[in-house]
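Participant: I'd like to ask some things about the structure below.
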Amino acid sequence: MKRTNNGKDRSFVGRLVGFFSSLKLTIFLLILLAVTSIAGTVIQQQAPPQDYIKEYGESGYRIIKALMLNDMYHSWWFLALLGLLIINIVVCSLDKLPRSWRFLTHPDKWPDKSRLNQYAQKAKWKSPLGVSAASTAVKEVFREHGISYEEKEDGGSFRLFAQKGQINRIGVTVTHLSVITIVLGGIIGGIWGFQGNMTIIEGHSSSNVILRDMQHRVVLPFSVRCDSFEVNYYPGTGMPKEYKSVLSIVEGNRTVLTRAIRVNHPLIYKGIRFYQASYGTISNERGVLTLAVTPKAGGEPKEVSVPVGGEVKIDNNTTLKLVGFYPDLVLGENNQPMSRSDELRNPAALLEIRRNGEFLGRSWVFAFHPNIHSNPDIPYSFRYVRFKGLQYTGLQISRDPGVGIVWTGCILMILGLIITFFISHRRWWVLVEPLKERSEIIVAGSTNRNRAAFESSFDELVTALKERTTKGER
């Protein structure tokens with residue numbers, strides 16, 4: 001019974017190994033991963049719930065959430081598929097590794113004569129030289145062709161073995177290892193990585209990263225302070241030319257790093273990348289508008305500055321109130337003014353003018369269209385000069401601890417493909433046997449890749465060997 005049970009165990013293990021080393025399983029997993037990855041590009045990842053409800057409805061959102069299709073690359077089933085692919089590749093590699101290892105550590109150096117005659121690439125001829133002289137000529141030809149060799153005396157006969165490109169035998173293993181490394185990097189990044197956003201007002205700090213789904217957050221082990229923010233615009237337009245933030249990393253009460261970041265020039269600290277992504281102006285808090293005010297009756301313009309919601313005197317009898325400021329003015333529903341964004345792309349201000357407490361009227365001031373909607377009942381004209389508001393910087397923050405592993409896997413894959421497809425394992429055997437006062441020479445060769453090129457080089461080598469051993473030339 002014991003022997004039978006052991007046989008059953010070995011049979012089960014054999015079937016298990018056969019299943020995990022199956023090429024069909026590899027193809028199935030790759031197709032499944034490709035299909036799910038396509039789904040991951042079609043369905044927006046880590047978006048707020050309202051985006052899914054708007055596009056797919058509430059029932060569709062419930063299905064997407066249940067199947068984790070809204071965060072597919074972090075889902076347990078996608079990571080399980082990657083893990084299964086790793087097991088498949090590992091078992092497949094271990095199944096093939098012993099044979100490849102034998103080629104490297106125990107090459108077939110001294111096959112007998114009958115086996116040499118079985119190789120497709122072989123040549124045989126008789127030489128007028130004795131074994132010693134013929135073997136010397138053979139070694140000279142191999143040296144001239146740059147082929148290192150091993151030699152052996154065998155009962156009056158001479159044997160030679162040479163090989164090149166034996167590293168090719170582990171090319172497939174290196175390629176498999178590269179795939180495993182890339183997938184491992186993806187799993188590590190999927191489990192411990194994150195991507196989100198952070199908004200910081202000038203002079204303030206934050207350590208909270210709001211993830212892309214807007215429902216979860218990551219608290220960093222340090223805080224990020226925005227020391228200053230600066231934006232430059234193209235003249236006469238509201239288009240930003242360049243914007244940058246000066247950020248400081250604060251751990252405890254100590255500033256450990258200060259650096260300016262721009263678009264495509266991130267700050268990297270402890271494997272976390274901080275990208276400059278957006279910016280804006282808080283127009284209703286500590287914002288100050290500067291205007292050039294000119295009397296319509298004639299006179300020199302003068303600059304006045306007024307805070308949002310505040311008042312300032314134009315002259316002894318006239319006051320100006322900044323009713324509202326819109327960094328990027330558009331008309332919303334029912335033609336109500338609103339700001340499309342917090343960026344100063346189309347700045348506009350709504351002013352209220354009073355004289356001796358009596359309401360004179362309201363007037364719009366546009367930064368890029370100074371003569372539009374000027375109120376004729378107001379004895380002053382206004383020109384936008386600048387607006388200085390409390391600004392904030394928008395940062396995109398990402399951490400991918402597996403990215404270095406993925407890059408290592410990519411390098412290994414390139415190396416493995418070069419070894420596999422551009423290097424061939426070539427072997428040569430020579431047997432010189434005594435034949436009375438002459439000798440018989442047998443040359444055999446083998447390659448596992450690029451047979452046409454090997455045949456050509458083998459024929460060239462045999463020709464050189466025949467010339468040297470039949471004429472006795474040095």
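Bear in mind that the values in this text are calculations on the coordinates, not laboratory data. Just so it is clear, the model here is predicted, and its values are computed rather than measured. Neighbour counts are summed over all protein chains in view; Cβ atoms, including those assigned to glycine, are modelled from backbone coordinates with ideal geometry.
Participant: Would you mind checking the radius of gyration and Dmax of the stretch 288-389 based on alpha-carbon positions, in Å?
Facilitator: So, for the stretch 288-389, Rg and Dmax equal 13.2, 40 Å respectively.
Participant: Just to confirm the number: angle between the C-alpha axis of helix 49-66 and the first principal axis of the chain, 0 to 90 degrees, nearest 10?
Facilitator: Value to nearest ten degrees: 40.
Participant: Can I ask one more? Normalised by the residues of the chain, what does the relative contact order come to in percent, with Cα pairs under 8 Å and at least six apart?
Facilitator: Reported as a whole number, the value is 21 percent.
Participant: Here is a further query. For helix 131-144, what angle does its Cα long axis make with the longest principal axis of the chain, in degrees from 0 to 90 and rounded to 10?
Facilitator: Its long axis makes an angle of about 20 degrees.
Participant: Right, here's the next one. What is the distance, in nm, between label points placed 7 Å from the Cα along the Cα-to-Cβ direction at PHE421 and at THR258?
Facilitator: 5.2
Participant: How far apart, in nm, are the 7 Å Cα→Cβ label points at ARG362 and HIS145?
Facilitator: 9.6
Participant: Roughly how far apart, in whole Å, are the Cα centres of the stretch 365-379 and the stretch 400-416?
Facilitator: If you average the Cα positions of each part, the centres end up 61 Å apart.
Participant: Report the far tail of the P(r) of the stretch 115-194, meaning the percent of Cα-Cα pairs longer than 21 Å.
Facilitator: 56
Participant: Stretched out fully, how many nm does the piece from SER37 to VAL219 gain, at 0.36 nm a residue minus the Cα gap? Write down the numbers at each step before the final one.
Facilitator: On the way: separation 182, 0.36 × 182 = 65.52 nm, distance 2.90 nm.
Computed gain between SER37 and VAL219 is 62.6 nm.
Participant: Consider all pairwise Cα distances in the stretch 15-103 and report the whole-number % of them above 17 Å.
Facilitator: In whole percent, the long-distance tail amounts to 58.
Participant: Quick one: give the max-minus-min coordinate of the C-alpha atoms of the chain along each principal axis, largest first, in Å.
Facilitator: So the three principal-axis extents are 135, 70, 45 Å.
Participant: Compute the angle between helix 76-105 and the longest alpha-carbon principal axis of the chain, please, reported from 0 to 90 degrees and rounded to the nearest 10.
Facilitator: 30
Participant: If we count GluC sites (Glu not before Pro) as exposed when they sit in a DSSP loop and have at most 14 other beta carbons within 10 Å, what is the longest stretch of the chain that avoids them all?
Facilitator: Details: sites that count: GLU285, GLU437, GLU473.
Between the exposed loop sites, the longest stretch runs 1-284.
Participant: Now for a separate question. Round to the nearest 0.05 the FRET efficiency obtained for ARG115 and ILE27 when R0 = 45 Å and r is the Cβ-Cβ distance. Show your work: numbers first, answer last.
Facilitator: Numbers: r = 37 Å, r/R0 = 0.81.
With a Förster radius of 45 Å, E is 0.80.
Participant: Relative contact order of the stretch 288-389: what whole-number percent is it, with Cα pairs under 8 angstrom and at least 6 residues apart?
Facilitator: Working: 223 pairs, mean separation 27.6, N = 102.
Relative contact order of the stretch 288-389: 27 percent.
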